[in-house]
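Engineer: My questions all concern the structure below.
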Amino acid sequence: MQCIPEDLSDLVFEMLRTFVRDIEARKPPLKAGWVPLNEDYVKKLRSINFCEVDYENMNGRINYRSCMPEELLLTDEGRIFSEILRSIETVQQIEALKNNDHEYLEAVMAGLDEMFKNARLSFWEMKEGSIPEKLHNFVLRPRWNIIAEKISHSLILNLSKSIWSMDGILQKYEEAEANDKSIDFDLLRFVIHEIEESFQWRKIIGFFKSNKDLLEALGLAWYVNQKIIDKGIEYLGAKLLIFEAAMKVVAERNGETTDSLRDKLASLSENLDKLVFEEKWGVNWNDVFCLPY
Amino acid sequence: MSSAYPTRVPRQPLRFWRWPRREHLLEQVFRRGPPPFDPFPSIQDVIDAVLCPMTVVHRTYHGLHGALSGPGEIAGDVGNHFHRFVSILKSNIALGRRRLDEAFSLLRMYCSMEGLDADSESDLRRYLSYWLRRKRDSLNELWSQGSRIFYEVHVSTENVTFGEERTVRYPVHGVIDEIDTINKRIVERTLRGNENDSNPPFLEDFQVWLQWKVLTSIDRDLFPDVLRNENFQDYDLIVETPYRDFTVEKNRSLFEEWAEDALAWISDIARSSVAIGDAWQNRGHHTRSCSIGNEIEECYFARAACYHHRWRYPERRASLRASLKPIYRALYNEQVWVHDLLLYQLTKMEQDPDLNFRSELRKLLIGRNIFPLEIEENIGYDRYRVKIDETVRMSLVEEVQDENLNFDVLFGSFSIGLRRRAYLLLDEIGTNPEDGRYVVYIEGMDGTEGMNAFLLKGLLLKEDPWFLKRVVQQAVFSLERWGVDREDRAKNHVLVKLVDTLFGPGTLRAKRG
């Protein structure tokens, strides 16, 4: 690697790895990445401008605020290091949502919208013929995926209105729905009516009314997932830093511990199953209300 | 200053295992979404989870398994061939068919029949030389003793418990390399390790201990006659490398804790993806942490899956990866609904305390998943004439149609039996499906005389290819990790362009539907 003197190469890579390991061990960035140096290394490090040295303690590290050579960033360690930096930046943005009600709910709504867009909306029935025939035929249409997106949109509006009063935020979602004329609306309304009026949908709304924290956690998880994708973060350790920050924000806003929120999320699938266990047909709600990872 | 990184924190032990409900087992419930019960783990799954909880994530989502058996110094399948050859050699000596000095000519024949290349044969010869140096006396003593050593013994339990005060029961199934009723030993044979090692290879001691735990948790009534009177509590547990035999102590409280911890990870990760974060935070073994640059050397997944090479292109890999997530999960759900549920059904068919329920399961499975048979005649060259149970012969005809089929055949019971591969030879004279008679090729039948036998559908048979789901998971994961570094190649690479277009931002992004 031309950008680093050969005798410093191992040290620089170790610094990158140590930074990643320290951040993953939840050290604050200011304390992360320091490795012990001898005098020889201290002298040699003067020849490169992206490291910093603590002369008092004879430690050195990559200066994560400085520009690093592109060649170094294209190595495996370099890529992971820069993904960790991007995740630290995202964590700060997520933490800022904690004290801003409007932005927080907007993020939750955007995330829920994303979650519903990705929902499979697949159906089940206890016995053949339990699903209303018109709905059954509709589900088997070739363009079902596109229609499912519209249905998802309507369901998320319905759910959000039932749980939060946030007219300003919902307005854009309502307008988007009203402007869409691309499909047979009578039929679409019928399907949405069948789902929304079904007893199980009311149970779902009831469940999330008393577990708003879960819905917020799902929404924020999908919201940060979109950020992760946009920022091209692939390293699992970097992604988990962001998801963890999102869970922390939701837990703190709801006055609970992150552990208890995570426990509730872990049993979400089972609890949704219990709600619809006695129904004759239904949507696979487990495939709708799920985490993005 | 960097601190030492902590090794994994013990997982909260499970309060209960999530067993499938009666209506699931009797298939009275529509199979949908995430199964509301835990998978039926294999011994291999538990060992992987002891090695690192992230292996459970890779097993669940990416179809990877056997973290300790990845490509290393030992090329390809040499380990399996070594074990198979040793079992053939020992059987031949025990039955008085071959003498020890014929070992290498027998190996030549074996390699020729298996179509092994020169490198593999040379590896096998080398390992066999080491092994024979220390085994001459015991092999000479084995001469004409008869079939009293059993190889590839399949075990399955729903009753194994760990720790004296714990009452949680777990299901585990797997295969024991060797049960030696002459020397009263359970043997785990491996090619891992070196000549000068003073300890067994990493986790091999745990493996043989777990096999013994599973074996001793099975009700004696389910054992074939030849094994029923053995006292396995007194058996020695041996890890056998080509260079040395290691005796493993049975009373290991640490192993009890590891097993319980591993099963908690398996259950938690199957239950919810929330546990993935915990698994990553606790990656590594109880005594050896794993982090970038300090990976566990023996773990094949560390480099292949956790810290794999990051290609520069395609650039929209994060988006691709996000789109693949539901596919992984759906494929996993299908495996559990099909394969793991069948393992529960087969085990409960023999072990459930409710006799009526066992009978209901038997009615459901016999003729659909299992086909009892009787060996009528040995016609030489590992071929046998068998007769399928009268009540299910037409069901098998429907399954077989006009094709030759590979089956698993079990001698004994599903809970404890000798597992062999059977190949139905439909074109042979003597095969008459309507009459329930088939000529079948079965390798390594020695020692199975007088045992119940049945063909198993659903484990290997192509009609029910649960394992293909795993292969698809692996292929999807390969795509996720695939890429190129050179810009000039990426610019003209169709797949790179396709991924970046399909998963790119803006107008080029493909719409669903």
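Engineer: Go through the stretch B:292-312 and give me each residue that's assigned to a helix (DSSP H, G or I) and at the interface with chain A (Cβ under 8 Å from one of its Cβ atoms).
Structural biologist: Of everything in the stretch B:292-312, just one residue is assigned to a helix (DSSP H, G or I) and at the interface with chain A (Cβ under 8 Å from one of its Cβ atoms), namely B:Cys306.
Engineer: With the condition being away from chain B (no Cβ under 14 Å), I'd like the helices (runs of 4 or more DSSP H) fully within the stretch A:13-102 carrying at least 1 qualifying residues.
Structural biologist: Of the helices (runs of 4 or more DSSP H) lying wholly inside the stretch A:13-102, those with at least 1 residues that are away from chain B (no Cβ under 14 Å) span A:39-44, A:76-96.
Engineer: Mind checking which residues of the stretch B:313-328 are more than 8 Å from chain A (Cβ to nearest Cβ) and either assigned to a helix (DSSP H, G or I) or free of Cβ contacts under 8 Å to residues at least 12 places away in the same chain (or both)?
Structural biologist: Matches in the stretch B:313-328: B:Leu320, B:Ser323, B:Leu324, B:Ile327, B:Tyr328.
Engineer: For the subset of the stretch B:84-140 comprising residues that are small (Gly, Ala, Ser) and not in a helix (DSSP H, G or I), which member is surrounded by the most Cβ atoms within 10 Å (Cβ to Cβ)?
Structural biologist: B:Gly96
Engineer: Quick check: anything in the stretch B:42-65 within 21 Å of the chain's Cα centre (by Cα), surrounded by fewer than 21 Cβ atoms within 10 Å (Cβ to Cβ) and in a loop (DSSP other than H, G, I, E, B)?
Structural biologist: Within the stretch B:42-65 (the criterion being within 21 Å of the chain's Cα centre (by Cα), surrounded by fewer than 21 Cβ atoms within 10 Å (Cβ to Cβ) and in a loop (DSSP other than H, G, I, E, B)), the answer is yes, since at least one residue qualifies.
Engineer: So which residues in the stretch B:274-291 are in a loop (DSSP other than H, G, I, E, B) and surrounded by fewer than 23 Cβ atoms within 10 Å (Cβ to Cβ), if there are any at all?
Structural biologist: Selection gives B:Asn282, B:His285, B:His286, B:Thr287, B:Arg288.
Engineer: Search the stretch B:162-176 for residues that are touching a residue at least 12 places away in the same chain (Cβ under 8 Å) and within 13 Å of B:Leu14 (Cα to Cα) and pair each with any residue that is loosely packed, with under 15 Cβ neighbours inside 10 Å and not aromatic (Phe, Trp, Tyr) when their beta-carbon atoms are under 8 Å apart and the residues are at least 6 apart or on different chains.
Structural biologist: Pairs found: B:Gly163/B:Ser253; B:Arg166/B:Pro13; B:Val168/B:Pro13; B:Val168/B:Arg15.
Engineer: Residues in the stretch B:171-189 that are farther than 18 Å from B:Asn251 by Cα and outside any strand (DSSP E or B): how many?
Structural biologist: Residues in the stretch B:171-189 being farther than 18 Å from B:Asn251 by Cα and outside any strand (DSSP E or B): 3 in total.
Listed here are the residues, each with its yes/no results for (1) under 26 Å from B:Arg419 (Cα atoms); (2) free of Cβ contacts under 8 Å to residues at least 24 places away in the same chain; (3) under 20 Å from the mean Cα position of the chain (by Cα).
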residue: B:Phe223; (1), (2), (3): yes, no, no
residue: B:Phe232; (1), (2), (3): yes, no, no
residue: B:Ser253; (1), (2), (3): no, no, no
residue: B:Ala264; (1), (2), (3): no, no, yes
residue: B:Ala279; (1), (2), (3): no, no, no
residue: B:Thr287; (1), (2), (3): no, no, no
residue: B:Cys290; (1), (2), (3): no, no, no
residue: B:Glu297; (1), (2), (3): no, yes, no
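Engineer: I've got another one for you. Within 29 Å of B:Lys213 (Cβ to Cβ) and touching a His at 6+ places or on another chain (Cβ under 6 Å): which single residue out of B:Arg419, B:Arg362 fits that description?
Structural biologist: Exactly one of B:Arg419, B:Arg362 is within 29 Å of B:Lys213 (Cβ to Cβ) and touching a His at 6+ places or on another chain (Cβ under 6 Å), namely B:Arg419.
Engineer: Can you tell me which residue in the stretch A:253-263 is surrounded by the fewest Cβ atoms within 10 Å (Cβ to Cβ), limited to those that are more than 9 Å from chain B (Cβ to nearest Cβ) and more than 17 Å from the chain's Cα centre (by Cα)?
Structural biologist: Top of the filtered list is A:Gly255.
Engineer: Within the stretch B:416-434, is there a residue that is modelled with pLDDT under 90, exposed (fewer than 15 other Cβ atoms within 10 Å of the Cβ), part of a helix (DSSP H, G or I) and more than 14 Å from every other protein chain (Cβ to nearest Cβ)?
Structural biologist: Yes, the stretch B:416-434 has at least one match.
Engineer: Another question about this same structure. Residues in the stretch B:467-499 that are part of a helix (DSSP H, G or I), among the aromatic types (Phe, Trp, Tyr) and at pLDDT 85 or above: how many?
Structural biologist: Selection size over the stretch B:467-499: 1.
Engineer: From the list A:Ile4, A:Ile23, pick out the single residue that is of a type in the set (Val, Ile, Thr) and within 20 Å of A:Leu236 (Cβ to Cβ).
Structural biologist: Of A:Ile4, A:Ile23, the one residue that is of a type in the set (Val, Ile, Thr) and within 20 Å of A:Leu236 (Cβ to Cβ) is A:Ile23.
Engineer: Something else about it: Quick one: A:Asn225 ticks every box in (1) within 28 Å of A:Ile195 (Cα to Cα); (2) buried (at least 23 other Cβ atoms within 10 Å of the Cβ); (3) more than 7 Å from chain B (Cβ to nearest Cβ) bar one, so which box is it?
Structural biologist: (3)
Engineer: For the stretch A:265-288, indicate whether the set of residues that are of a type in the set (S, T, N, Q), more than 12 Å from every other protein chain (Cβ to nearest Cβ) and either assigned to a helix (DSSP H, G or I) or more than 24 Å from B:Asp38 (Cβ to Cβ) (or both) is non-empty.
Structural biologist: No, the stretch A:265-288 contains no residue that is of a type in the set (S, T, N, Q), more than 12 Å from every other protein chain (Cβ to nearest Cβ) and either assigned to a helix (DSSP H, G or I) or more than 24 Å from B:Asp38 (Cβ to Cβ) (or both).
Engineer: Let me ask something additional. Against the definition (surrounded by 16 or more Cβ atoms within 10 Å (Cβ to Cβ) and within 27 Å of the chain's Cα centre (by Cα)), how does B:Lys387 come out, yes or no?
Structural biologist: So B:Lys387 fails the test.
Engineer: Taking the condition of being within 13 Å of another protein chain (Cβ to nearest Cβ) and not in a loop (DSSP other than H, G, I, E, B), how many residues in the stretch B:6-25 meet it?
Structural biologist: 2
Engineer: Taking the stretch B:141-170, which residues are surrounded by fewer than 21 Cβ atoms within 10 Å (Cβ to Cβ), among the polar types (S, T, N, Q) and either in contact with a His (Cβ under 6 Å, 6 or more places away or on another chain) or part of a loop (DSSP other than H, G, I, E, B) (or both)?
Structural biologist: B:Ser144, B:Gln145, B:Ser147, B:Thr161, B:Thr167
Engineer: Would you mind stating whether B:Arg228 is in contact (Cβ under 8 Å) with a residue 40 or more places away in the chain and away from chain A (no Cβ under 14 Å)?
Structural biologist: no
Engineer: Check the stretch B:295-303 and report whether any residue there is crowded, with 18+ Cβ neighbours inside 10 Å, out of contact with any strand residue (DSSP E or B) (no Cβ under 9 Å at 6 or more places or on another chain) and farther than 25 Å from B:Pro41 by Cβ.
Structural biologist: There is no residue in the stretch B:295-303 that is crowded, with 18+ Cβ neighbours inside 10 Å, out of contact with any strand residue (DSSP E or B) (no Cβ under 9 Å at 6 or more places or on another chain) and farther than 25 Å from B:Pro41 by Cβ.
Engineer: Among the residues of the stretch A:45-60, is any modelled with pLDDT under 95, among the acidic types (Asp, Glu) and assigned by TED's automatic domain parsing to the domain that holds A:Ala238?
Structural biologist: no
Engineer: Scan the stretch B:275-317 for residues that are among the acidic types (Asp, Glu) and more than 30 Å from B:Leu502 (Cβ to Cβ) and jot them down.
Structural biologist: B:Asp278, B:Glu295, B:Glu297, B:Glu298
A quick yes/no check of all residues on (1) under 30 Å from B:Ala422 (Cβ atoms); (2) surrounded by fewer than 14 Cβ atoms within 10 Å (Cβ to Cβ); (3) at pLDDT 80 or above; (4) of a type outside the set (Val, Ile, Thr):
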| position | (1), (2), (3), (4) |
| --- | --- |
| B:Met451 | yes, no, yes, yes |
| B:Leu460 | yes, no, no, yes |
| B:Glu463 | yes, yes, no, yes |
| B:Thr501 | no, yes, yes, no |
| B:Thr507 | no, yes, no, no |
| B:Gly513 | no, yes, no, yes |
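Engineer: Any idea how many residues of the stretch B:305-339 are more than 29 Å from A:Met115 (Cα to Cα) and within 20 Å of the chain's Cα centre (by Cα)?
Structural biologist: Matching residues across the stretch B:305-339 total 1.
Engineer: Under 6 Å between Cβ atoms, at least 6 apart or on separate chains: pull out the pairs that start in the stretch A:198-218 with a residue that is farther than 27 Å from A:Ile94 by Cβ and modelled with pLDDT under 90 and end on any residue that is outside any loop (DSSP other than H, G, I, E, B) and of a type outside the set (A, V, I, L, M, F, W, C).
Structural biologist: As it stands, the answer is A:Gln200/A:Gly282, since those pairs meet every condition given.
Engineer: Can you find even one residue in the stretch A:141-151 that is away from chain B (no Cβ under 11 Å), at pLDDT 80 or above and closer than 23 Å to B:Ala322 by Cα?
Structural biologist: yes
The values are calculated or read from the model by the stated rules, or taken from the named source; none is laboratory data. On a predicted model such as this, the values are computed, not experimentally measured, just so you know. Cβ atoms come from the backbone with ideal geometry, glycine included; neighbour counts cover every protein chain shown.
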